[in-house]
1. Would you work out which of Ile33, Asn113, Ile17 lies farthest towards the positive end of the dipole of the chain, given +1 charges on the beta-carbon of Lys and Arg and -1 on that of Asp and Glu, about the Cα centre?
2. So for each of 51-62, 66-77 I average, over its residues, the number of other beta carbons within 10 Å; can you give me the resulting order with the highest mean first?
3. What distance in nm separates the two pseudo spin-label positions at Thr8 and Asp40, each 7 Å out from Cα along the beta-carbon direction?
4. Determine, from the Cβ-Cβ distance of Tyr87 and Asn113 and an R0 of 30 Å, the FRET efficiency 1/(1 + (r/R0)^6), rounded to the nearest 0.05.
5. Which pairs in the list Lys31/Lys79; Lys31/Lys65; Lys32/Lys62; Lys62/Lys82; Lys31/Lys55 are over 24 Å apart, alpha-carbon to alpha-carbon?
6. For Ala51 and Leu75, what is the calculated FRET efficiency with R₀ set at 30 Å and r taken between the beta-carbons, to the nearest 0.05?
7. One-quarter of the Cα convex hull surface for region 1-60, in nm²?
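Each reported figure results from applying straightforward, stated rules to the coordinates on display, with no laboratory input. Everything numeric in this text was worked out from a predicted model, so none of it was measured. No Cβ is skipped: glycine too gets one built from the backbone with ideal geometry, and neighbour counts run over all protein chains shown.
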Amino acid sequence: MARIAGVTLPSNKRIEIALTYILGIGDVTAKKIIAATGVDASIRVKDLATADEDKLREEIEKNYKVEGELRRETLGNIKRLKEIGCYRGERHKAGLPVRGQRTKTNSRTVRGNQRRTMGSGKRKLEKT
């Protein structure tokens with residue numbers, strides 16, 4: 001059971017895939033880390049030697065922002081945008097799409113899945 005950057009890697013996966021369970025490491029980055037450390041990419045996490053595990057941990061801690069540090073930086077960037085009052089900051093505040101996506105038909109999950117159609121309003125019956 002390997003634990004790297006505060007994440008327990010799944011023991012039955014190949015190390016190349018298991019590294020992607022760490023926030024901030026994707027497929028390409030995992031391959032770069034494996035190439036830099038010289039660890040066999042096809043080995044399973046449960047078969048990983050402690051020396052190889054230490055190499056991977058050291059490489060990740062030294063050269064990559066992952067997990068808590070990455071989350072802190074991302075939240076800090078969003079907070080900065082909100083504080084300076086730019087357009088992207090205002091979209092973050094309102095909980096709307098930030099990068100120019102349309103909102104008339106899409107972004108239902110962001111807006112709370114509000115479905116309003118023409119006939120959904122209740123009509124009041126008039127007594128004559």
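1. My answer, from the dipole projection, is Asn113.
2. So the peptides 51-62, 66-77, ranked by packing, come out 51-62, 66-77.
3. 2.6 nm
4. Plugging the Cβ-Cβ distance into 1/(1 + (r/R0)^6) gives 0.75.
5. Checking Cα-Cα distances, Lys31/Lys79; Lys62/Lys82 exceed 24 Å.
6. 0.25
7. Computed as one quarter of the Cα hull surface, the answer is 3.3 nm².
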